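So the structure is just underneath, and the comments pick up after that.
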């Protein structure tokens, strides 16, 4: 019966935590070799907490790791950046998983998406980064 005595603030907090945000960013087209450098800048329009970052490639990079970075207001959000193993089209299951060092985002924060390292045999094509979080 204790759950019937929740305040409006407690109910709203529980609902906010249950709302999942999935923001997808296409950082290249599907047919051009990806190069290093800044690919996209965006502003946060709604505050959220970031839980994970997942990357995918239409064509996997080979010959070296493929590494991406996201900066918040000019500073990386990772202590370990997301990588794609050579020949892998996703960051899921990477030998070295990414580690977030920043999780909270406020309205107006500037996000900068970049590619730090591309494969040396095949550069990779069709990069999409997904931010997964909650309010």
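The values are calculated or read from the model by the stated rules, or taken from the named source; none is laboratory data. Bear in mind the structure is a predicted one, so any value in this text is a computation, not a measurement. Note: ideal-geometry Cβ built from the backbone for every residue, glycine included; neighbour counts use all protein chains shown.
Could you list all residues from the range 110-126 that are within 12 Å of residue 42 (Cβ to Cβ) and buried (at least 17 other Cβ atoms within 10 Å of the Cβ)?
111, 112, 113 - these are the residues of the range 110-126 that are within 12 Å of residue 42 (Cβ to Cβ) and buried (at least 17 other Cβ atoms within 10 Å of the Cβ).
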Q. Just one of the numbered conditions (1) modelled with pLDDT under 95; (2) buried (at least 19 other Cβ atoms within 10 Å of the Cβ); (3) closer than 13 Å to residue 56 by Cβ is not true of residue 93; which one?
A. (2)
Q) Does residue 132 meet the test of being under 11 Å from the mean Cα position of the chain (by Cα), within 30 Å of residue 12 (Cα to Cα) and at pLDDT below 95? A) yes
Q. Are any of the residues in the range 63-73 modelled with pLDDT of 95 or more, assigned to a loop (DSSP other than H, G, I, E, B) and touching a strand residue (DSSP E or B) at 6+ places or on another chain (Cβ under 9 Å)?
A. yes
Q: Among the residues of the range 28-62, count how many are crowded, with 19+ Cβ neighbours inside 10 Å and either in a loop (DSSP other than H, G, I, E, B) or without any contact (Cβ under 8 Å) to a residue 24 or more places away in the chain (or both).
A: 5
Q) Given the conditions (1) more than 21 Å from residue 134 (Cβ to Cβ); (2) crowded, with 17+ Cβ neighbours inside 10 Å, which single one is not true for residue 98? A) (1)
Q. Given (1) crowded, with 16+ Cβ neighbours inside 10 Å; (2) farther than 17 Å from residue 22 by Cα, where does residue 129 come up short, assuming only one miss?
A. (2)
